[in-house]
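Colleague: Structure in structure tokens, see below.
Derivation of every value follows stated rules applied to the coordinates shown; laboratory data play no part. Note that the structure is predicted; figures quoted are calculated from it, not measured. Positions of Cβ are generated from backbone atoms using ideal geometry, with glycine treated the same way; all protein chains shown enter the neighbour counts.
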There are 2 protein chains.
Amino acid sequence: MVKIGILGVGTVGASVANILEMNADILEARSGKKIVVKHGVVKNMSQDRGVNIPLSDNPMNVLDDPEIDIVVELIGGVEEPYALIKKALENGKAVVTANKALLAYHRYELQEIAGDIPLMYEASTAGGIPIIGALRNGLTANHIVSIQGIMNGTTNYMLTKMINEGANYDEVLKEAQDLGYAEADPTFDVGGFDTSHKLLILASIAYGLDAKPEDILIEGIQNITQTDVSFAKEFGYEIKLLGIAKKAEEGVELRVHPTMICKSSMIAKVDGVMNAVSVVGDVVGETMYYGPGAGGNATASAVIADIVDIVRGNQGPMLGYKKSLESGLELLPADEIVTHYYLRMEVNDKSGVLARITNELEKFDISIESMLQKPHSNDNRVKLLFTTHACQEAKIQEAMIVLKKLECVHGEIAMIRIEK
Amino acid sequence: MVKIGILGVGTVGASVANILEMNADILEARSGKKIVVKHGVVKNMSQDRGVNIPLSDNPMNVLDDPEIDIVVELIGGVEEPYALIKKALENGKAVVTANKALLAYHRYELQEIAGDIPLMYEASTAGGIPIIGALRNGLTANHIVSIQGIMNGTTNYMLTKMINEGANYDEVLKEAQDLGYAEADPTFDVGGFDTSHKLLILASIAYGLDAKPEDILIEGIQNITQTDVSFAKEFGYEIKLLGIAKKAEEGVELRVHPTMICKSSMIAKVDGVMNAVSVVGDVVGETMYYGPGAGGNATASAVIADIVDIVRGNQGPMLGYKKSLESGLELLPADEIVTHYYLRMEVNDKSGVLARITNELEKFDISIESMLQKPHSNDNRVKLLFTTHACQEAKIQEAMIVLKKLECVHGEIAMIRIEK
């Protein structure tokens, strides 16, 4: 018999406890052992958790119990769970965590502390999709060329609504909040931060890359308008919030931002709250993994898969590498990213304006690929929408500053990156 | 250092040998050891294989070499590789195979013979997609509700062409043959047999089910016409050759046949030679796995992932179960399958004919869901196309026999199953 302790019995923790009971037959057949939750730890003892397991509010009841083999951490946060997991590992207990923020900051320290003790985290990234297993075990033959992930259901739900139903950002945000998909303060989701944590975890397995959220380019979906959506439609793109990891000549690009991608690509077809991660390997080509990225049961499915793997005697290496690569890949500074860009700006409806703008762009070696002019509510102005050929991020940023200062350009210039 | 012997150095074997060399850096970092091919075995020594490994035509040079740790079987066929793998396992060597036919017939005997020695087979099903890992490790928390797989690139290429370009079966078959996607005798692919082998492997992991190809319903795509394709389009379906495993109340349905599926489902969006497997679990809901199902490099990617897993010390249980389930699931006889059906027939263009047909169907408790009548090249006849509500396979088969005998019905009646 294997005994489990659960730190944090909220939605996911309750699902883990209940599914271990409900699917005990198949779990015993697959793992070879009975798996039983011995103890759960909660902060607020007065709340009903809907589980049949002994509860207390003291984590030491799990961490110091020599009968408990595996600790499941579902508290959330960063420093508190870090200390608890450290203690569990020091006490020789295997650990399963669903905590992306913790891993975004402390995955390399945790790998060091864990050593040969299993520390698994399938549930941290893209919920019920076994993407960690795919990347860590299924694709080991490959140098990873790129990863593109829709790893936040809230924003994908919102973008899908904006694209398919022509709804505005504010409307769909309110709807997502009413449905419980978005928080009262939605910044963590819509600002791309949630996606960045998951991207950093995948980048460790793909490239052995140690980076933190503040090291990488993160932009959210807050400034996407129906003008952008209809431009995208007209030119054969979908708009998705992607976490992107990509091998460049000089290093690895890591970035999170709304992205125009070709409608016919598989990941462009992923709608609503669903998640998907597309991985291109140098040997296998493209594979994609699709499924629910959130929810108590989907997340619990991943947590329990890790438990079964530990019981079977399988495990890591935690971050995919038994030895370091001699020539480690470095994170490319955001300035050096090279991609295609879409720009939207409001300009005077006068002859010579277009020439003025293209001239300025030319000074930065930026050439225009396609262009669309749309009427504006103000009769003397038009909306100018265009895409560029590949250019460097630093150049487009500088060009935007210069363009914004032109007297023929009004207000902010909106930019969305395009992946071909 | 880990030493590999390869039995069969054709397209896949050469890819395995070359990728182990080309990606040696990342493979050593991920597995912790140098992986080297010591010997390859071929039937025809005079043919150039494009590899830098010692070759001979005697399998015993691999099987009896105490320095070789892992044997990779890529010969194909059933009984010959079975004997060789048996010998390798008896000599204590771990085995990796890509051989679906072998596993379709001998997987349970091989599991027995292997015992604690790793025998892995990721490459046997859906090529480069790590679906065996997903099902055996990633989804262990779940009772599997259903599996739907596009696991044959040739037929998916052909159906995609028929649907998107309005091409006829014979035209696209010839084109697939010219491109090397289809064999001169295409029966193994277009007849659904290739898909059935893969389905049986997945069904073992999902349900612990021992069945052979001849035990299950297998139908190919040979009778699909443009009439069916345009009907499907009009009613919001795609037509795909699916391998389906599905838990029914009384057991498990296993079947391979062309299937009408809703256009908006993720698997309906998988086009061309690509493969995908959609798995519904009772806990996680739907996840889907997409990628290349064939080709030397894609298949080698899966073979090498298995090698790395073995070197790391991870493995099975081979078919997913450490213990048998007490209440094993049984294969449901094909007659007892329950699904929706599409029928196409040629009938007299006369009043009363429709009533006659629906009356006959009613006798079998079959009710019509939607109907379409199309003109026929013969003025006195029309094509009658309709879909039914859910009914039992036995009833539809009996009804088709009765309908065919009606004097108002001419020629064969075509039937395609529909999955809702």
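Colleague: Tell me the label-point distance for the pair B:M60, A:S264, using the 7 Å Cα-to-Cβ offset, in nm and rounded to one decimal.
Modeller: 5.5 nm
Colleague: From the square roots a ≥ b ≥ c of the eigenvalues of the alpha-carbon gyration tensor of segment B:1-75, which class results: rounded (a/c under 1.5), prolate (a/b over b/c), or oblate?
Modeller: Working: a/c = 2.43, a/b = 1.40, b/c = 1.74.
Note, shape of segment B:1-75 comes out oblate.
Colleague: Here is a follow-up. Have a look at B:R312, B:R255, B:R344 and tell me which one the Gaussian network model of chain B (Cα, springs below 10 Å) gives the largest fluctuation.
Modeller: Greatest mean-square fluctuation among the candidates belongs to B:R312.
Colleague: Figure the gain on full extension for A:D210 and A:Q397 (residue separation times 0.36 nm, minus the Cα-Cα span) and round it to one decimal in nm. All intermediate terms of the calculation are to be shown ahead of the outcome.
Modeller: Values: separation 187, 0.36 × 187 = 67.32 nm, distance 2.62 nm.
So the chain would gain 64.7 nm between A:D210 and A:Q397.
Colleague: A follow-up question, please. Net charge around B:G92, counting only other residues with Cβ within less than 14 Å of its Cβ (Lys, Arg = +1; Asp, Glu = -1)?
Modeller: Details: positive: B:K3, B:K86, B:K87, B:K93; negative: B:D64, B:D65, B:E67, B:D69, B:E90, B:D116.
Within the 14 Å Cβ shell, the charges total -2.
Colleague: Give the long-range amide H neighbours of A:V252: residues separated by 5 or more places, or on another chain, with amide H under 5 Å away, using H modelled in the peptide plane at 1.01 Å from N.
Modeller: HN-HN under 5 Å from A:V252: A:E330, A:L331, A:L332.
Colleague: For labels at A:D335 and B:K33 in the simple 7 Å Cα→Cβ model, what's the distance in nm?
Modeller: 4.7 nm
Colleague: Treating the beta-carbon of each Lys and Arg as +1 and of each Asp and Glu as -1, no other charges, what is the dipole magnitude of the protein assembly as shown about its Cα centre, to the nearest 20 debye?
Modeller: Details: 78 positive and 114 negative charges, 61 e Å.
Dipole about the Cα centre, nearest 20: 300 debye.
Colleague: Let me ask you something else. State, to one decimal in nm, how far the label point of B:N52 lies from the label point of A:S230, with both points 7 Å from Cα in the Cβ direction.
Modeller: Between B:N52 and A:S230, the simple spin-label model gives 5.9 nm.
Colleague: Which longest run of chain B has no exposed loop site in it, a site being GluC sites (Glu not before Pro) in a DSSP loop with at most 15 other beta carbons within 10 Å, and the site itself not part of the run? Don't jump to the answer; show the numbers that get you there.
Modeller: Numbers: sites that count: B:E67, B:E183, B:E249, B:E250, B:E326, B:E330, B:E407.
It runs B:68-182.
Colleague: Just to confirm the number: angle between the C-alpha axis of helix B:11-22 and the first principal axis of chain B, 0 to 90 degrees, nearest 10?
Modeller: 50 degrees
Colleague: Applying the Karplus parametrisation 6.51 cos²θ - 1.76 cosθ + 1.60 with θ = phi - 60° to the phi angles of segment B:386-403, what ³J(HN,Hα) value in whole Hz is obtained for each residue in order, glycine and proline being reported as x?
Modeller: Taking θ as phi minus 60°, the curve returns 8, 10, 10, 6, 4, 8, 7, 3, 4, 5, 5, 5, 5, 4, 4, 5, 5, 4 Hz for segment B:386-403.
Colleague: Could you pull out every one of the aspartates and glutamates with an alpha carbon less than 17 Å from that of B:K363, ignoring same-chain neighbours closer than 8 positions?
Modeller: B:E393, B:E398
Colleague: Can you give me the long-range amide H partners of B:L242? Hydrogens built in the peptide plane at 1.01 Å from N, cutoff under 5 Å, separation of 5 or more residues or another chain.
Modeller: HN-HN under 5 Å from B:L242: B:H257, B:T259.
Colleague: Let me ask something additional. Sort segment B:1-138 into rounded, prolate or oblate with this rule: let a ≥ b ≥ c be the square roots of the eigenvalues of the Cα gyration tensor; rounded if a/c is under 1.5, and if a/c is not under 1.5, prolate when a/b is larger than b/c, oblate otherwise.
Modeller: Values: a/c = 1.37, a/b = 1.12, b/c = 1.23.
Because its axes are fairly even, with a/c under 1.5, segment B:1-138 counts as rounded.
Colleague: Turning to a different aspect of this structure: Could you run the Karplus curve 6.51 cos²θ - 1.76 cosθ + 1.60 with θ = phi - 60° over segment A:61-67 and give me ³J(HN,Hα) per residue in whole Hz, x for Gly and Pro?
Modeller: Whole-Hz 3J(HN,Hα) from phi for segment A:61-67: 4, 9, 5, 9, 7, x, 7.
Colleague: To continue, here is another question. Quick one: compute the contact order of chain B, relative version, from alpha carbon pairs under 8 angstrom and 6+ residues apart, as a percent.
Modeller: On the way: 866 pairs, mean separation 69.4, N = 420.
Here the relative contact order equals 17 percent.
Colleague: What FRET efficiency comes out for the pair A:E79/B:K420, r = Cβ-Cβ distance, R0 = 51 Å, nearest 0.05?
Modeller: On the way: r = 49 Å, r/R0 = 0.96.
Here the calculated transfer efficiency is 0.55.
Colleague: Nothing charged except the Cβ atoms of Lys and Arg (+1) and of Asp and Glu (-1): what's the magnitude of the dipole of segment B:341-380 about its Cα centre? Round to the nearest 20 debye. Please report the intermediate quantities before stating the final value.
Modeller: Working: 5 positive and 7 negative charges, 13 e Å.
It comes to approximately 60 debye.
Colleague: Report the net charge of residues surrounding B:V338, where surrounding means a beta-carbon distance below 15 angstrom and charges are Lys +1, Arg +1, Asp -1, Glu -1. Walk me through the intermediate numbers first.
Modeller: Working: positive: B:K246, B:K247, B:R255, B:K395, B:R417, B:K420; negative: B:E249, B:E250, B:E253, B:D335, B:E336, B:D365, B:E369, B:E393, B:E398, B:E419.
Net charge around B:V338: -4.
Colleague: In sequence order, what are the phi-derived ³J(HN,Hα) couplings for segment A:345-352 according to the Karplus relation 6.51 cos²θ - 1.76 cosθ + 1.60 with θ = phi - 60°, rounded to whole Hz, with x for glycine and proline?
Modeller: Computed from phi, the couplings for segment A:345-352 are 8, 9, 10, 4, 8, 9, 5, x Hz.
Colleague: Something else: Tell me whether the protein assembly as shown comes out rounded, prolate or oblate; compute the Cα gyration tensor, take square roots of the eigenvalues as a ≥ b ≥ c, and use a/c under 1.5 as the rounded threshold. Write down the numbers at each step before the final one.
Modeller: Working: a/c = 1.40, a/b = 1.07, b/c = 1.31.
Taking the square roots of the gyration eigenvalues as a ≥ b ≥ c, the protein assembly as shown is rounded.
Colleague: Using a Gaussian network model of chain A with C-alpha springs under 10 Å, which one of A:S324, A:S204, A:S265 is most mobile by mean-square fluctuation?
Modeller: Judging by the Gaussian network model, the answer is A:S324.
Colleague: I want to verify a result. In a Gaussian network model of chain A, Cα cutoff 10 Å, which of these has the top mean-square fluctuation: A:D365, A:D65, A:D48?
Modeller: A:D48
Colleague: Let me have the relative contact order for segment A:133-290, percent, based on Cα pairs under 8 Å that are six or more residues apart. All intermediate terms of the calculation are to be shown ahead of the outcome.
Modeller: Values: 283 pairs, mean separation 56.0, N = 158.
Relative contact order for segment A:133-290 comes out at 35 percent.
Colleague: Quick check on the protein assembly as shown: helices-only [θ] at 222 nm, where DSSP H runs of length 4 and up contribute -39,500 (n - 2.57) each and the sum goes over total residues. Nearest 500, please. Before the final figure, lay out the partial values.
Modeller: Numbers: 26 runs with 286 residues, N = 840.
Only helices count here, giving -10500 deg cm²/dmol.
Colleague: For A:M22 and A:S324 in the same chain, what is the full-extension length gain: residue separation times 0.36 nm, less their Cα-Cα distance, in nm?
Modeller: Numbers: separation 302, 0.36 × 302 = 108.72 nm, distance 4.13 nm.
Between A:M22 and A:S324, full extension yields 104.6 nm more.
Colleague: For B:N378, go 7 angstrom from Cα along the Cα-to-Cβ vector, then report the distances to that same point in the other copies in nm, smallest first.
Modeller: 7.3
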